[in-house]
Every structure is written in structure tokens, then in C-alpha cells.
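Here the structure comes first, spelled out in C-alpha cells, and everything after it is commentary.
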Amino acid sequence: MKNIYLLVCLVCLSALAQAQKGDWKPEDVINQVSGDGFRFSPNGKMVVWAKRRPDKKKDRFISDLYLTRLDMTNKKGRYKTIRLTRSKDSDYSPVFSADSETIYFLSSRAKGKALWAMSTYGGAPYKVHTFKNSISNIHLRNQHTLFFVSSEGASYYEQQLKKEKDNVVVVEDTEHMKATRVFSFNLKTKQIERQTDNRYPTMSLAVSKNGQWMVTAHLRSLHYASDGKPRPAYYIWNLKTGTKTAVLKDTYQGPGNFEFSEDNQGFYFTSTKSSDPEWGGAGVTKLHYMTVKNPQVVNISVDWKWDLSYGLNVVGNDVLVYLANGPTNKLALMKKQGNRWTKQMVALGDMTDHVAVWALSADKKQVIYLYSTASVPLQYRIGELVQKRKVSITAGKELITLNESWKKKKTSKSEVIKWKGYNNEEVDGILYYPQDYAKGKKYPLVVAIHGGPASTDRDAWSFRWAYPVQLFTQKGAFVFKPNYHGSSNHGQKFVESIKKNYYDLEMVDITKGIDFLANQGLIDKNKMGVMGWSNGAILTTMLTVRYPDMFKVAAAGAGDVNWTSDYGTCRFGVTFDQSYFGGAPWDDRNGKTYNEAYILKSPLFELEKVKTPTLIFHGSKDRAVPRDQGWEYYRALQQVGKAKVRFLWFPGQPHGLQKLTHQIRKVKEEQAWFDKYLFKTYEKPNESFNTKSPLAMLLIKEKAANQGGVYGVMKNGALTPEVAVIKKDSIAIGRFEVTNAQYRAFDTQHKFLVTEANHPVTGIGIVKAKEYVVWLASKTGEKFRLPNEKEGKALHTQARTLAAKENSLNYWAGYKVTIDDVPGLKQKIAKLRTSLFMKAGSFKGTKVGKATIYDLGGNAAEYYTKANRLATYGYSAYDYADEGSQKVKTATRHVGIRIIKDLK
């Protein structure tokens, strides 16, 4: 971490370095942080939220709570943000009290059984109450009452199983499904009261603003054998009378996004409209409103060709909705007037089609929203919701800034492209350009295919382990993300077009998209790779089957190859497969006694055609695409032997990888696979070699340019110092201190013993040090200088950690020195005739950014510029490195030079 800190100081604090763009690394994909759970305080002066961050020790992401003050800014004009918690576990689901003075939250500490709180005025979190079982889904009903979801204690049946150590799983044992119910908790009296008597687990709930009404959804199937049947149950609860009313009985497909209107008369929700609701088939999203007294549903027309996209946000009695618009969304406000609604488009200025609203203040005037494009990283912003003649959201300012180091990264240009796909119908997608794109040149192409299939690649920031786009464009490739037939956000006809036509339309869309790019003169069709996760892997596999010579490389993560086995083993195999393949495997189709689609659509029976080197990934506990699909895939390619194949499965991982170590392994394996077979830049690592070993340091030293036994590089007839690059296209630093031999190239009168040619030059004084650097720049025509003040101080910070192990007084003492020992040691040194200076590089090297340099902690102290004069950093062989003080007095005769080179 100290080396990283030094790199930040050296690079970020340099004026030239500030303008530079950095390279993306696999670690950037994994180590990014994100915001979640944003909530305004009732008084509108604060926002509480959770920061999701990687935790290497736990090998997963955890979350901490933060508070952003809207009434306070720092010197940079940013809202003041305070970290509230940082536990070893996750803190989440923050809720403000009615008076805005307390934040209640949940946590994975205490096994998730406690309700926690803390004051907005400061202080440590404290337990409000510990419950018998874990709690979730907290809602503030009124000033003194919280709702939460929890289970009851263990039944006698469960107690007996535990006593007998019986862990057998009975598939679809709905008889013994554990119910979770809604409870109330009085914050003053600590009294707990059950609010619902449901038989099955609570999936979701919403509470009216006045606390009288509640709507709940309940799971009635474990989704093993029944796979979607029976459907969930839905109830409206009158919390004053304690009565419930069953609603939405098989009349709507997948109701969700429940949210009450301000007048407490009803709630909004969405559902899916498809041609096969019995299978929960893919379709379009519709908007509805249900009254709570004498429940009735009003179907709200949004008057939009492709209906809705995701979610909704209630604004008083009105509702903000997202209109599906292919790779983007349009934001509209549906204004309620009795039982009728009128639509007003929301003006967003330059942010048009790229805004997602997260939270609204109590007065509905402030709005927290997310803004990004495919080439602009996510911004968390706060603006105003203006409702005048026109409805608009102002740009406002950034609420918080996360992943700030990304501002120094070079992001690829992107654009939405459209072409004619299957049946000459319009298809769209996202195209990312190579980072150093030059017009007229043809580049490699990576086709990155989204999952779903009812999903969409949007014109929004996307950089994650499954699709690390910037790593590919950085290598000089186009990345193409097609929204093939079957994708959502493009209307019902488009999303349902692949039902009973699975693969057929998508293959045409993708290959025609490739042809479109080739006809534009952008790509080299002889240099293409394909990748995807889930349905993206399914299509990746079939592309290599149908077009064996098209791609040089493929990476398929969690994809099916055998639909006959998928039907029985996937947790939603029944609903998914029957929707897309027109029935069960045994159903009669096309005059057959079986459904031939399960054979014809399974790549397994054609994998002998594949020639493309293929990398396969799978999680061992994946129930969406079971791991054995990966085994079948691997076994076929391995036995046929026409294609190179590598199969990695990740122990204990579900459909989406959760462990940080597994995510980074996936990214690095994939990058190496594409380097080997597409980019041709792969170098096989030496797996016996420790890059931090003494041997590694020795090899670096030997690699250092050496002229006739002396360190240095010959330039224009002069011996000059070798430099090592700290950061590409930014700055470099002297690998060693300037040596006697190198300095004599400048000052021919400089004398030294032959044996000390590679010792650091010392005692030359301030004037000569400045003159040397000027001469070096003039001689080489390059930008050499001494370290500036900020760099010098940063180098000194690292030198302190190294001094005791390198050529300093601490080293020569042979024991842990205290300041009281120094006078005695210096008495002894004064009697020496021999110099304590050593040959440059006598000790192990250290990392400064990407550079490995030597003698930073000792040998000679070194000059840096400070307010038009020279000061020193580091320690000489005659100096004591005092842990209790950063100050060190170094005699001029013990000071040398280490040069900095500006690369741009």
C-alpha cells in the first residue's frame, strides 16, 4: 500500500502527470466501488447511502454506510460526506427516523438478528434490539414504529430434524416451506407484534404513507420441481382492521414494483405482457394502478410503441416511468387525474435518455439520479425536479464521487449503431472503439453478447468481470455488443420473435452486424473473437458451431449446450425451455413423437464442427445453467480434438461469480486466452519464478544497461544514468543514484577511486547538482530534472520504511537503534578511514509505481527542489533513520543525485 501511495504522490501531484490517462488493469474491474440504498432525510438536508466495496480478506463485496450533508460543502465545493460505519461485515438498508435525527439500519454482524441505529449528530452505532431470528426489509410505518420481515422460531418438525442431524433436502417440499412474515417493532417500548398470517415466504412489501395499508407478495414454490407453479400470492392488508384481501389472482404476469400514491388510496405496479403467460414468457412491461378499498385495477396506457422499461418512481399521486427505447430509455411523468393519466415527457437537457432516478425528497423537489453513457463512467448526481408548464430534471451537481482514479483512465469512444438484421429488420447495439483509434485503419473485433436473452445492452457505463470492455479496447480492438432479436426494450414483437425460433434470428443479426462493421472499413474479419455469459455464452457456442472458421477465439461463461438435460436440471428449465422451444421434450411437434427442437437446438450434437479455441467457465453451484452443462461442453471438444479447450469451474459459485478471487481469475484467464489466440501477444509465465525474490532483483540489476563495467547508458558519446518508467507516458526515475563514473562525463575534473566508479557521487554541492541536470538535459535532448518538492517528500516517506534495511546508520549498527545510541555510533564512525558508501544496487530493489529502483532507503541522501533552492530527502550511510521524526540532518558531503525524466 505504501508503494501505491507513493505512486499516487509522484504521478498525481505532478502537473504533467495530472493530464495523463492511465491504463486499465484487471484489478480495476474487481476493485471498483458503487453506491446503493440512497435515501433523503425527511427534512431534505441529508442523504444516507451504502458504499459497496471489495474486501480481500472476506473475498467478497461488503457495504458501509455514509451520510452526505446537503447543507454543508468542503473547500472544493463538494457536499460534505461522512463515513458512518466500517465493520467487518456489511451494513445496509438505512432508514431515517421521522425527525431526521436517527438512522436505523441492518447489518450482517450479530448474524443479522439485530436492528442498529446511530445519531446523525455523530457517535458509534448501537444495537436497538436483538431479535430471535434474522430480520430484513425494514420500513418506517410512523414516528414510533418499524415494519420488518422475519421468520418464526423452529417448528417441532424442524427441531426433530436438527436433533437427528438430518440434512436431507426434499425437493419441492411445500408442506414445510418456512414462512416469513411482517412484524411491527415499537421503537419506544420494544414491543414486537405480528402483522401478517401468511402461509408462505414474503417476497416483497410496500406500505402506504399513512401506515394503514400494505401490499405483499408471497412465494408459493421453491422453484425446484414445480418451476413457476403455483404462482405467487398477493394480498392487500388493512393494518387498522387486521384484514387481508387476496388480489391479482392469475390475472397478471409477474406483478411487481409496488409503490403507494401519496393520498393512500392505491398503489402503482407493473406486470409483463407476453403470448405465453403460463410459462412466464418474456414480454413487455405494462403499468397499472390498484385501489385499496374495494380493490380494482386500472390499466394505464403510456402511449409508447415499446411500452415500459424497468421500475417506477411515485411523485405524489403521479408516477415517473421509463419508456423503453432500445439501448436507451425515455423518462416520462404520468399525471393522475381521477382514474385517468396524461403523459408529460421529462426534459433532461444534455442528459437525455441517460438518467435513472434513484430517490426523491419528501417534498418531491430534489432528486438523486444516476447518469452515464457507454463511455462516461457512472455519476451519482442530485438535481431538482421542476414541474411547471414542462417537467424537467436539472443537471444539478455530483452528490458523491466514486472511483475517482478512473478520471485518469482513458475510456473508449462509443456509439449506438443500427443495421439491418434478420428479415431486413432494424437491429441496434453498442460499438466501442479502440482507445487509439485512427481513421482508415482496420482493427480486430471482439463480439460481446449479452445474456437473457430478454435483456439489453444499453448506452450506459458497463465495466465488470463478465464484460471487461475497456481491457479489450485498450488492446486495440473494437468491442461490439449487439441487441439481437429476443432482446428486451424493443417491443413485444421483437422480444418474442425468437420463441420457437431460438438461435435462428440471433445468428443472422450478429453476423450481419459484423458485415456492417466490415463494410464500414472498421474491422479486420480475419481477427475476430467472441465472448458472453449465460445466454451470451449460449450464442457464442452456436456461432462457433455454425461458423467454424469465423472466430479465432471464444470464451463462454455459464452457457447451455444440451437442452434435453437443461429441462430437468435448470431451476427454471420448465418455464424457460417451454417458452422458447414450444413445449416439453416429449411433446409432439412437427409430426414427431418428441419435440425435435431439444435436439436440433442443442450444440452438443454438433460440437464436432468447432475449430475455435474455446475457454469455458462455470460456477459449481449454478442452478440457472448447471455446471454439468460445462462438463458436457468440455468433454465433447476435448474428445473431438479439433479445438483447443480449457475448462474452469468455480467452487461454491452461483450463476454470477461472487468471490473477488474468482472474478479476477475469470478476467485474467480470459485476457490471456484472447492474447494467445487473437492478439498474439501472450507470453507464457514462468510458474517457478517469484517476481519479488532476490533472484528477480538480481536479474533486474543485471538487465540495467552496463558500459564496460560501469552502470549507465551511452547517449551522444556521454555516459548517462539509466531510468525506469514509473508510469507509462508520464515520468521515469533514475534506477540508481547518479554514479561517480556518470558524473565525470559532465565534470572531467571529478576524481574517485577506480573501485568506486559505481558508487554514488556525493559532496558536489547545490550549484554543481543543478548544473549537472541542466547539462544532462542539453546533452540528451530529453527532459531531465531533479525531483520537485511533492515528489521529494513522497520519496522520503517511502525511504523511511526502507532505511533500516539498506545502507544507513541503522544498518551498520547491527541492532535496532534508538536516538540515544547515535552519538556513540558516530564516535566510532569518525575513526574510520573507509567510506561507508557502497556500490549502487547493493541491496534489494524497491517498487516505485512500475519502476524498480535501488538505494532509496540509504547509501546517499538525495537532492530535490524546494522553493527555488535544494533540499534533501532520504538517508545517507551516515544518517540515523529516526522512527519518531521525519527530519534528518545530512551533511552535504553525503548527498547525491537521483534524476527524474518527464516523458511527455
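The values are calculated or read from the model by the stated rules, or taken from the named source; none is laboratory data. All of these numbers come straight from a predicted model, not from anything done at the bench. All Cβ positions, glycine included, derive from the backbone under ideal geometry; neighbour counts span all protein chains shown.
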Please enumerate the residues belonging to the range 288-316 that are surrounded by fewer than 19 Cβ atoms within 10 Å (Cβ to Cβ) and among the polar types (S, T, N, Q).
291, 294, 296, 299, 301
Give me the pairs, please: first residue somewhere in the range 679-691 and under 27 Å from residue 554 (Cβ atoms) and touching a residue at least 12 places away in the same chain (Cβ under 8 Å), second residue anywhere and of a type in the set (Gly, Ala, Ser) and surrounded by 10 or more Cβ atoms within 10 Å (Cβ to Cβ), beta-carbon distance under 8 Å, and either six or more positions apart or on two chains.
679/476; 679/477
Within the range 571-588, tally of residues that are surrounded by 17 or more Cβ atoms within 10 Å (Cβ to Cβ) and charged (D, E, K, R):
2
Only unsatisfied item for residue 766, checking (1) among the β-branched types (Val, Ile, Thr); (2) modelled with pLDDT under 95; (3) crowded, with 19+ Cβ neighbours inside 10 Å, is (3)
A careful count of residues in the range 365-390 that are buried (at least 16 other Cβ atoms within 10 Å of the Cβ), more than 18 Å from the chain's Cα centre (by Cα) and either modelled with pLDDT of 95 or more or farther than 16 Å from residue 331 by Cα (or both) gives 8
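Being part of a loop (DSSP other than H, G, I, E, B) and either crowded, with 23+ Cβ neighbours inside 10 Å or at pLDDT 90 or above (or both) is the filter here, so list the residues in the range 882-900 that pass it.
Keep residues of the range 882-900 that are part of a loop (DSSP other than H, G, I, E, B), which gives 882-891, 897-899.
Matches in the range 882-900: 897, 898, 899.
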Is it the case that residue 504 is closer than 23 Å to residue 329 by Cβ, in contact (Cβ under 8 Å) with a residue 24 or more places away in the chain and among the charged types (D, E, K, R)?
no
Tell me which residues, restricted to the range 799-831, are β-branched (Val, Ile, Thr), under 30 Å from residue 852 (Cα atoms) and either over 54 Å from the mean Cα position of the chain (by Cα) or crowded, with 17+ Cβ neighbours inside 10 Å (or both).
817
Residues that are in contact with a helix residue (DSSP H, G or I) (Cβ under 9 Å, 6 or more places away or on another chain), hydroxyl-bearing (Ser, Thr, Tyr) and on the phi < 0 side of the Ramachandran plot, drawn from the range 455-505
455, 462, 467, 484, 487, 488, 497, 502
Turns out the helices (runs of 4 or more DSSP H) fully within the range 501-592 with at least 3 residues that are within 14 Å of residue 451 (Cβ to Cβ) are 535-546
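Checking the structure you have, find out if any residue of the range 347-365 is more than 24 Å from residue 307 (Cβ to Cβ) and part of a strand (DSSP E or B).
Residues of the range 347-365 more than 24 Å from residue 307 (Cβ to Cβ): 349-350, 359, 361-365.
Of the ones still in play, those that are also part of a strand (DSSP E or B) are 359.
Within the range 347-365, one or more residues are more than 24 Å from residue 307 (Cβ to Cβ) and part of a strand (DSSP E or B).
Name every residue in the range 303-314 that is farther than 23 Å from residue 238 by Cα and within 34 Å of the chain's Cα centre (by Cα), in order of residue number.
Taking the range 303-314 and keeping what is farther than 23 Å from residue 238 by Cα, we get 303-313.
Correct list: 304, 305, 306, 307, 308, 309, 310, 311, 312, 313.
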Return yes or no: is residue 457 surrounded by fewer than 23 Cβ atoms within 10 Å (Cβ to Cβ), under 28 Å from the mean Cα position of the chain (by Cα) and outside any strand (DSSP E or B)?
no
Leading residue by the ranking (surrounded by the most Cβ atoms within 10 Å (Cβ to Cβ)) among those in the range 846-870 that are farther than 20 Å from residue 730 by Cα and of a type in the set (A, V, I, L, M):
860
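Residues of the range 619-678 being among the hydrophobic types (A, V, I, L, M, F, W, C) and more than 22 Å from residue 464 (Cα to Cα), which ones?
631, 636, 637, 640, 643, 645
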If you take the residues in the range 658-698 that are closer than 23 Å to residue 736 by Cα and surrounded by 14 or more Cβ atoms within 10 Å (Cβ to Cβ), which one is modelled with the lowest pLDDT?
697
Kindly provide the set of residues from the range 158-193 that are surrounded by 10 or more Cβ atoms within 10 Å (Cβ to Cβ) and over 25 Å from residue 212 (Cβ atoms), ordered by number.
158, 159, 160, 161, 162, 170, 172, 173, 174, 176, 177, 178
Which one of 710, 723 is farther than 30 Å from residue 644 by Cα, touching a Phe, Trp or Tyr at 6+ places or on another chain (Cβ under 9 Å) and either modelled with pLDDT of 75 or more or surrounded by fewer than 11 Cβ atoms within 10 Å (Cβ to Cβ) (or both)?
723
The correct count of residues that are in a helix (DSSP H, G or I) and of a type in the set (Asp, Glu) in the range 593-619 is 2
